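Below is one structure; the comments refer to it alone.
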Amino acid sequence: MALFLYLHFPALQLDNLQHLAENSQHVAIALVDQQHQLLQLNKAALTAGLKLQMGLASAAALCPDLQLLPYQPEQQVKVLKSVAQQLYQLSADIALDPPSGLILRLDGMLQLYDGLQSYWQALNEQLAMLAYRYQYSCGATPYAAKCLAYQQANLITTDNASLLAAIKASPLKATELTEPQQQQMIRLGIHTLGQLLALPPAELARRFDSQLLSYLGRLRGDYYHALEYLQPDPGFSRYLELLYDISDSTVLAKPLAKLLLQLEQQLNRANCQCYQLLLTLFFRDSPQLQLSIGSAQGEYKATAWLQLCQLQLENLPLPEPVYGLQLDVNHFAGQQRSTGALFEQQDARMSALQLLSLLQARLGRSAVSGLTLQNQHLPEQASQRCLPLVKGQTSPSALVLRPAFLILKPEPLTEPVTISQGPERLCPDGWQLTGQRDYYIGRNQQGQWLWLFRNARQQWFVHGWFS
Amino acid sequence: MSALLDQLTRRQLLWHGDSQQLAYQAVASGYPELDQQLAGGLPATGLIDIQTDAGIGELRLLLPYLQQQQQHSQRLLVFIAPPAELSADMLAGAGLDLSQLLIITPGQQAAATANVAARHKKSAEKNQSAKKFSVQQQALWAAEQCLQSGCCATVLLWPAAISLAQARRLQLAAEQGAASMVVFRNASQTLSLPVNLSIRLQPDPLGLQVTVLKRKGSWPAAPFQVNMQQKWPALCLSGTSGEPMRRAG
């Protein structure tokens, strides 16, 4: 026999908002739809006496300092998906039932968990961690479970008879029937689902449309109910709307830490790490700003990522207050742990790659570089900046008598110099004689060793100094 | 009696006048005169303050030391804010491993942030004022991070100025990460810093004139000459030839 569990989250968007924003427990918040009806209420609003489906005017009369936020179904579906992702660790078959429900197929899982009670215990712990309000119930079919969950039946049982009895006693309000259909039923004297199910289907088919029949068939389990089970996403993408605008980039660290913690949980579950985060800041008037935060070694820990983000945010002037944050990770990579020597004298606090990402986060990517020796005869082409810590191919043998420091744009020689060695003639490509430079080593009166050249027009320049 | 002496020595209440115990582990500098004067060589960890003009041979003096530091521990060598482009030829020629070398030039990201600032004109002025004071700060911050990380052998820093508190902080960071740090300063900055070793370099026809200003656990000594004729014959005015080849200018 198939067994389903339905989880209904009555105020998912609001709970998510409240979970991420601090100090919002005492503020009465409500979500309203386009018709100005209250759809979701937080605890403070409920204690103030507000009820769902209430109009705005009566709500404002009951609770003058009520905060209103628009209901965003697509936002809620995102949250629902993330809840499903987190439950996916415990339960294999999860189907989304937007905008606020999850259908979990249990009969496959019961053997693994050795019974319903231990399964529910594990699931319950995970749900408690998520801190969203929820209603639940088991049922023989998805619709039966949904119907019971809407009534807050909270039945966790495999006993078919009690589930059936509960279904039969359910009011029509908890079903999927449309408002006009319910009205019609009430006029016919049908108030519970049991009464409706007792009627022969052939009779119903004559009076009602096929939609009702298909619903009842699925509820009973006569018709096959196709569910699209969740496949885990490869990346991470979360959006967080801030309860109040933040104009100081250092304050952004607080809400960001929560997003990063969620990322860490997901990475940890998948035994992965990531090399790059994309952080998008949303402004009311200016276009959004996207930051890419990289770690050369790859990290999964929220604290490590937070440090890198903070370093980058510190340097960032915010053009105006931020109202939303989005964190994206497109690519996960498997975790790799570096192996350290067992008898190492000093234990390094971090690896060279971690240090590199730290420096790059604060100073910018271009500020940190490595150095390579190219097989070129011109000094300015022989040494080249490259990506740091890249093990290059075997470099050509070095010319020892070269200055330690090169001046990018040679400066005219302005002081008397004693020449001690030279000349060494270097010509640019193709041995153009007009571009030839005769290099000398000279010492000026302060005792500095300069690297000088004389061009074809007998002008003297300083190109570097020996140090 | 000797038990009592032992106990007192252990509690550092007793001090031997004749023993010159080195306060730090020394690494041979590659120049015998210098090693002799410094009782073994340059410190393997901690701050080394070098007061010098640019281009008289200060880096040449350190190259063997840097090479040993890098090779011994297989850790990074970091150059922070060098005064000009470093040449790979010279460094590779001295035996340094270029793949284990980092160059940090703070202030480079000005261009990157300028893009952002251009998009958000309002904050551009604020940004620039913040930038001005921070290039020096960024260099010091980078130095501290590198020293603390434990994955750098030696950090070389060319600061415009460094305060007592900053030097102390860097010294602590260097001890924490078992790294050494070389600070190149102008000779005009006479402020004495809490460092393991402080030397002043002056040009000399045969190499360098070295004055040890301060060394942890020892007395100051007279200036002495470091002869570079063997290692760098081309960069010495050899006493025998006398005649310079030619004059230019």
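Quick look at the numbers
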quantity: Chain A: angle of helix A:116-130 to the longest principal axis, Cα-based, in degrees nearest 10; calculated: 50
quantity: Zone residues, the stretch A:206-221, relative to A:ALA198, backbone N less than 20 Å from point 7 Å out along Cα-to-Cβ; calculated: A:206-208, A:213, A:216-217, A:219-221
quantity: Sites B:ALA165 and A:ASP93, calculated FRET efficiency, Cβ-Cβ separation with R0 60 Å, nearest 0.05; calculated: 0.45
quantity: Extension gain (nm, one decimal) between A:GLN34 and A:GLN290, 0.36 nm per residue minus Cα-Cα; calculated: 89.0 nm
quantity: For the stretch A:398-466, the spread of Cα positions along each principal axis, largest first, Å; calculated: 37, 29, 22
quantity: For the protein assembly as shown, with +1 on Lys and Arg beta carbons and -1 on Asp and Glu, the positive-most of A:LEU80, B:PRO220, A:GLN111 along the dipole; calculated: B:PRO220
quantity: Ranking of A:GLU228, B:GLU175 by count of other Cβ atoms within 10 Å, fewest first; calculated: A:GLU228, B:GLU175
quantity: Alpha-carbon radius of gyration plus Dmax, which is the widest Cα pair, for the stretch A:32-120 in Å; calculated: 18.1, 53
quantity: A:GLU415-B:SER188 FRET efficiency (beta carbon distance; Förster radius 22 Å; 0.05 resolution); calculated: 0.65
quantity: Links that overshoot a 27 Å alpha carbon limit, given the list A:LYS173/A:LYS258; A:LYS258/A:LYS391; A:LYS43/A:LYS173; A:LYS81/A:LYS258; A:LYS81/A:LYS146; calculated: A:LYS173/A:LYS258; A:LYS258/A:LYS391
quantity: Point-charge dipole on Cβ atoms (K/R +1, D/E -1) for chain A, about Cα centre, debye to 20; calculated: 540
quantity: Hz values of 3J(HN,Hα) by residue in the stretch A:46-60 - Karplus curve (6.51, -1.76, 1.60), Gly and Pro given as x; calculated: 5, 5, 6, x, 6, 10, 5, 6, 6, x, 5, 5, 5, 5, 5
quantity: Residue-averaged beta-carbon neighbours from other chains (10 angstrom radius) around B:56-62; calculated: 4
quantity: Simple label model, 7 Å out from Cα along Cβ direction - A:LEU227 to A:GLN25, nm; calculated: 3.5
quantity: Cα-Cα P(r), chain A, percent of pairs per 10 Å interval; calculated: 3, 14, 18, 17, 14, 10, 7, 6, 5, 3, 1, 0
quantity: Nonlocal amide H pairs with A:LEU38, under 5 Å, H built at 1.01 Å; calculated: A:GLN53, A:MET54
quantity: Tilt relative to chain A, helix A:352-363 - C-alpha long axis, 0 to 90 degrees, to 10; calculated: 90
quantity: Size of electric dipole in the stretch A:398-466: Cβ of Lys, Arg +1 and of Asp, Glu -1, about Cα centre, debye, nearest 20; calculated: 20
quantity: Gain in span if fully extended, A:LEU112 to A:GLU125, counting 0.36 nm per residue against the direct Cα distance; calculated: 3.0 nm
quantity: In nm, spacing of pseudo-spin labels at B:TRP219 and A:VAL251 (7 Å Cα→C-beta vector); calculated: 6.3
quantity: Order of A:ASP222, B:ASP89, B:ASP35 under a 10 Å beta carbon neighbour criterion, fewest first; calculated: A:ASP222, B:ASP35, B:ASP89
quantity: Leading residue at positive end of dipole, the protein assembly as shown (Cβ point charges), from A:TYR6, A:PHE332, A:TYR244; calculated: A:TYR244
quantity: Positive-end extreme of charge dipole, chain A - chosen from A:PRO70, A:MET350, A:LEU413 (charges on Cβ); calculated: A:LEU413
quantity: Average beta-carbon neighbours from other chains, 10 Å sphere, peptide B:92-100; calculated: 6
quantity: A:ASP328, A:ASP233, A:ASP15, A:ASP248 arranged by Cβ crowding within 10 Å, fewest neighbours leading; calculated: A:ASP248, A:ASP233, A:ASP328, A:ASP15
quantity: Alpha-carbon centroids, the stretch A:206-251 and the stretch A:88-125: separation in whole Å; calculated: 16
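The numbers here are math on the coordinates, done by the rules we state, and not lab data. From a predicted model like this one, the values you see are computed outputs, not experimental measurements. Glycine also receives a Cβ, built like all others from the backbone with ideal geometry; neighbour counts cover every protein chain displayed.
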